[in-house]
1. Please work out which one of (1) at pLDDT 90 or above; (2) more than 20 Å from Tyr150 (Cα to Cα) is the condition Val218 fails and give its number.
2. Restricting the first residue to region 176-188 and requiring it to be in a loop (DSSP other than H, G, I, E, B), which pairs with a second residue that is at pLDDT below 90 and among the charged types (D, E, K, R) meet a Cβ separation below 9 Å and a spacing of at least six or different chains?
3. Of the residues that sit in region 104-132 and are out of contact with any helix residue (DSSP H, G or I) (no Cβ under 7 Å at 6 or more places or on another chain) and of a type in the set (Val, Ile, Thr), which one is surrounded by the most Cβ atoms within 10 Å (Cβ to Cβ)?
4. Can you name the residue in region 243-297 that is assigned to a loop (DSSP other than H, G, I, E, B) and among the aromatic types (Phe, Trp, Tyr) and is also farthest from Ile113 (Cα to Cα) among such residues?
5. Out of the residues in region 264-289 that are among the aliphatic types (A, V, I, L, M) and within 10 Å of Gly108 (Cα to Cα), which is surrounded by the fewest Cβ atoms within 10 Å (Cβ to Cβ)?
6. So which pairs qualify, if the first residue must be in region 85-108 and without any contact (Cβ under 8 Å) to a residue 12 or more places away in the chain, the second must be surrounded by fewer than 19 Cβ atoms within 10 Å (Cβ to Cβ) and part of a strand (DSSP E or B), the Cβ gap must be under 7 Å, and the two must be at least 6 apart or on different chains?
7. I'm told Ile253 meets every condition in (1) at pLDDT 85 or above; (2) closer than 29 Å to Gly148 by Cβ; (3) buried (at least 19 other Cβ atoms within 10 Å of the Cβ); (4) touching a Ser or Thr at 6+ places or on another chain (Cβ under 8 Å) except one. Can you identify the failing condition by its number?
8. List the pairs whose first member sits in region 215-227 and is in contact (Cβ under 8 Å) with a residue 24 or more places away in the chain and in a loop (DSSP other than H, G, I, E, B), whose second member is hydroxyl-bearing (Ser, Thr, Tyr) and surrounded by 15 or more Cβ atoms within 10 Å (Cβ to Cβ), and whose Cβ atoms are under 7 Å apart, counting only residues at least 6 apart or on separate chains?
Amino acid sequence: MEPVSVSRHNRKQVLKNLYAGLRNEKPKAPRFKIGDVVRINKQKLHFEKGYEQNWRRELFIVFEIVQRIPIVYRLKDLQGEEIKENKISHFKTQLPSPVCLNGEWEVGLSEIIYPHSWLNVNETNNYFIYKAGDGNISSTVKRTIDVGCYETMLDIISAVQLALPKNPNRFTIIYNKATKRVKINAVQGSSLHLENLGELLGFKRNAIIIRNMKSEFVADAWSNFSVFYVYSDLISPQIVGDTQAPLLRIVRIKGKDGETISQYYDRPQYLPLVRHSFQTIQSELRLNSGDFVPFERVKGGKTIGKEVLMTGSRVASDVLSGENFKEAVKTRSRESGKKLAQKAIDKSSVYGRKRTV
């Protein structure tokens, strides 16, 4: 059944086509209970207990269980704030009507517009711990640097130096512009625990500096923001490194802080569509670490999916009606572009095509 043929008269048949299989599916007992602390898996688009490599670092608490198929868990963070479903970096789009496709289809990311509005030093990597003297617990001190957008590595190092103890001066940090390496000297009996800040300085995460140590990697103020990954539940998991994930495309980050970036791909990387009947589309934008892209100073997460992913739905509908795929993409892109320019928020345009042999 084609989307254009759906009407009030055949709505029962449409409902049967979409959800007939659920009638025979028995409700399952919840795997988690209210109060459980969980982490979210960045590939499977759901969460499980565990602390494997592919889990996000954030912890959440289950505060409500919705008994339906599949079971839905409502989460809140450790501060008690509910985790909303739609945000700039992760959102679910509810289409106005179901999309039903016949045959083999592929989907690809054709265009993405996003705000360059994140902080390279935030609450997850703006602190370190130092131990002075004989290393007793009483001599352990935690220090933080201001959360913000640091343009250069020298800006970050200056902030760290200001936070280190001055009397006596137990630590020295030197940045070599030629090699882009950081060297840290710690006096005997003292140590510096860099925690997540170590990655920015070219060290491994949670590196412990004892005496004289030089960073193993290049120190880069924007090392965590070279690319981000676009995931979608429209496609089946693909092989990505040593794991599998529903990865739609890797987007190379461009521009400067405060700019709105628009990237258009003349040749989208098409992947097989895993669902041929759907009314919701879930999308996620993540960093190398698996964390969501931490967009700042941007509102309107719900608007994102509705506007831009509807463009892909319109293209699919046009093709099913007999229009040429390329012409449908051009027409719908122009229409969507006018709306996108007015909203200046993160958006992604997803287009589909029928697979040909």
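1. Result: Val218 passes all but (2).
2. Hits for this filter: Lys180/Asp220; Val187/Arg170; Val187/Arg211; Gln188/Arg211.
3. Val107
4. This residue is Tyr270.
5. Residue satisfying both the conditions and the ranking: Leu271.
6. Qualifying pairs under 7 Å: Glu85/Lys92.
7. (3)
8. Hits for this filter: Ala219/Tyr175; Ala221/Tyr150.
The values are calculated or read from the model by the stated rules, or taken from the named source; none is laboratory data. Please read these numbers as outputs of a predicted model, since none were measured by experiment. We place every Cβ from the backbone using ideal geometry, glycine too, and count neighbours over all the protein chains shown.
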